[in-house]
Amino acid sequence: MADAPHDVALLVLRLVLGLTMAAHGYNKFFGGGRIPGTAGWFDSIGMKPGLFHARVAASTEIAAGLGVALGLLTPIPAAGFVALMLVAAWTVHRHNGFFIVKEGWEYNLVLAVAAVAIAGTGPGRYSLDHLLFPDIGWLSGWAGLAIAAGLGLAGGIGQLVLFFRPPSTTSR
């Protein structure tokens, strides 16, 4: 049985990480430009069709965020984090270097790795996984880590291969 500080720390991490991601999805649906504005932006960065990707990204951000926050089937929403952050890092941030202060991919890496780490350690006692599936081993450990990283990388790479068409630029 894990000690209480470990479980409380995982709960805090899951809530902050998950609700932050869910807020990004909510903002795509209901913030500033809403889905049409997000769709135009996706088209402009080469993720076509933009409307499809705006809806998929917003929905995945909300679902993955809430899944991690609740600790529900944790490796699967953690894989969503990996796929989302891989696509964001590749399409938007890779040309800017590592550091976030120059709009690099640092933040994407931290979010993805934190989600994979939670999948590897398990979501802790204060989670729906613990409540609903206390004896299922694939929800944590090596299996959870492999599911989160493997499924996330496959999903992100697949999305890039199928849909990313870099805009032609003469200024780069």
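The values are calculated or read from the model by the stated rules, or taken from the named source; none is laboratory data. Just so it is clear, the structure is predicted and the values come from calculations on it, not from any experiment. Glycine also receives a Cβ, built like all others from the backbone with ideal geometry; neighbour counts cover every protein chain displayed. Please note that ligands, DNA and RNA were not included when accessible areas were found on the heavy atoms of the full protein model with its side chains. Shrake-Rupley method; radii C 1.70, N 1.55, O 1.52, S 1.80 Å.
Residues in the stretch 101-120 that are in a helix (DSSP H, G or I) and of a type in the set (Asp, Glu): GLU106 alone.
Screening GLY144 on (1) in contact with a strand residue (DSSP E or B) (Cβ under 8 Å, 6 or more places away or on another chain); (2) open to solvent by less than 20 Å² (accessible area, probe 1.4 Å) shows it passes everything except condition (1).
One residue alone among LEU160, LEU131 is of a type in the set (A, V, I, L, M, F, W, C), open to solvent by 60 Å² or more (accessible area, probe 1.4 Å) and not in a loop (DSSP other than H, G, I, E, B), and that residue is LEU131. When you check GLU103 against the structure, is it touching a His at 6+ places or on another chain (Cβ under 7 Å) and buried (at least 21 other Cβ atoms within 10 Å of the Cβ), yes or no? In short, no.
Looking only at residues of the stretch 116-126 that are crowded, with 24+ Cβ neighbours inside 10 Å and touching a residue at least 60 places away in the same chain (Cβ under 8 Å), we find that the one that is nearest to GLY144 (Cα to Cα) is ILE118.
Yes/no matrix, rows are residues, columns are (1) crowded, with 20+ Cβ neighbours inside 10 Å; (2) out of contact with any Cys (no Cβ under 7 Å at 6 or more places or on another chain); (3) within 22 Å of GLY152 (Cβ to Cβ):
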| position | (1), (2), (3) |
| --- | --- |
| LEU17 | yes, yes, yes |
| THR20 | no, yes, yes |
| PHE30 | no, yes, no |
| GLY33 | no, yes, no |
| THR38 | yes, yes, yes |
| TRP41 | no, yes, no |
| PRO49 | no, yes, no |
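Candidates in the stretch 91-100 are the residues that are in a helix (DSSP H, G or I) and open to solvent by 30 Å² or more (accessible area, probe 1.4 Å); of these, the one that is nearest to LEU19 (Cα to Cα) is ILE100.
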